[in-house]
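Student: Have a look at the structure that comes next, please.
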Amino acid sequence: LYPVADAAQAAVMLTPDRDAYPLGRVLDYLEDPTGALTIDDVVSPSVAARFVRSQVDAPNFGYTRSAFWARIRLRSSMAQTTDWRLELGFASMGQTDYYRPRTDQSGFEAIRTGMRYPFTTREIPYHRVVFALSVPPDAEQVIYLRFRNEGSMTFPLTLP
């Protein structure tokens, strides 16, 4: 139903010998000037082809009214499902929407949180935005995030 991602996008290889991954240079991003794109839009081939590979450790677009999407491709080489935390290192983000694949592959589960929302909307109670992420054994998956902010647009992401 949803394509994994462009084959040219390198996956973050999750291995048992590492316990943290900076994601800035392995994510693709897309500017959404109107803020109107949906997850169905960004996974469509015509829009998915417009994503650009980040060249920096922490993408930063200054002050903008645009929404931004990030796409991260993950691949596990482990023999069992591994649980991770996806952390946004910029605590002042107004809105962060996280789209992770449903276990039955029927689309995406969405979580919306950020400074504009009550603290109770956070999946993991922490001063930064942190999401749970499970990667099946010897599998590949793509996650998406959508950011919107009334201040600076920066999204340093890690799997700590």
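The values are calculated or read from the model by the stated rules, or taken from the named source; none is laboratory data. These numbers come from a predicted model, not from an experiment. Positions of Cβ are backbone-derived with ideal geometry, glycine not excepted, and every protein chain shown enters the neighbour counts. When the accessible area is computed, the model is the full protein with side chains, heavy atoms only, and any ligands, DNA or RNA have been set aside. Shrake-Rupley method; radii C 1.70, N 1.55, O 1.52, S 1.80 Å.
Student: Rounded to the nearest 500, what is the 222 nm mean residue ellipticity of the chain from helices alone, with -39500 (n - 2.57) per DSSP H run of 4+ residues and division by all residues?
Tutor: -1000 deg cm²/dmol
Student: Still on this structure: Which ³J(HN,Hα) values in Hz, rounded to whole numbers, follow from the phi angles of region 120-132 under the Karplus curve 6.51 cos²θ - 1.76 cosθ + 1.60, where θ = phi - 60° and Gly and Pro get x?
Tutor: Karplus-based 3J(HN,Hα) across region 120-132 equals 5, 6, 6, 5, 10, x, 7, 5, 9, 7, 9, 10, 7 Hz.
Student: Sticking with this structure for a sec: Please build a GNM for the chain, connecting alpha carbons under 10 Å apart, and tell me which residue among 62, 24, 89 fluctuates the most.
Tutor: Between 62, 24, 89, it is 62 that shows the largest mean-square fluctuation.
Student: Right, something else. Of the accessible area of region 1-114, with the probe set at 1.4 angstrom, what percent is carbon plus sulfur?
Tutor: 51 percent
Student: Let's test the formula: R0 of 35 Å, r as the Cβ-Cβ distance of residue 13 and residue 41. What FRET efficiency results, to the nearest 0.05?
Tutor: Working from the Cβ atoms, E equals 0.75.
Student: Something else: Positive end of the charge dipole of the chain (Lys, Arg +1 and Asp, Glu -1 on Cβ, about the Cα centre): tell me which of 63, 23, 160 has its Cα farthest that way.
Tutor: Comparing the listed Cα positions along the dipole, 63 ranks first.
Student: Oh, and also: Over region 49-160, with the other protein chains present, what is the accessible area per residue in square angstrom, probe 1.4 angstrom? Could the numbers behind the result be given before it?
Tutor: Numbers: 5410 Å² over 112 residues.
Per residue, region 49-160 has an accessible area of 48 Å².
Student: Given points 7 Å out from each Cα along the Cα-Cβ axis, report the residue 85 to residue 119 separation in nanometres with one decimal.
Tutor: According to this spin-label approximation, the distance is 1.6 nm.
Student: In addition: To the nearest 10 square angstrom, what accessible area does residue 123 show with a 1.4 Å probe?
Tutor: Surface accessible to solvent at residue 123 totals approximately 70 Å².
Student: Right, something else. Can you run phi through the Karplus equation (6.51, -1.76, 1.60; θ = phi - 60°) for region 48-59 and list ³J(HN,Hα) in whole Hz, with x for Gly and Pro?
Tutor: 4, 5, 8, 5, 10, 6, 5, 10, 10, 5, 9, x
Student: Could you state, as a whole-number percent, how many of the C-alpha pairs of region 87-160 are farther apart than 14 Å?
Tutor: Within region 87-160, distances greater than 14 Å cover 60 percent of Cα pairs.
Student: If you put +1 on each Lys and Arg Cβ and -1 on each Asp and Glu Cβ, how big is the dipole of the chain around its Cα centre, in Debye rounded to 20?
Tutor: Using only the charged Cβ atoms, the result is roughly 320 debye.
Student: To the nearest 10 Å², what's residue 51's accessible area with a 1.4 Å probe?
Tutor: 20 Å²
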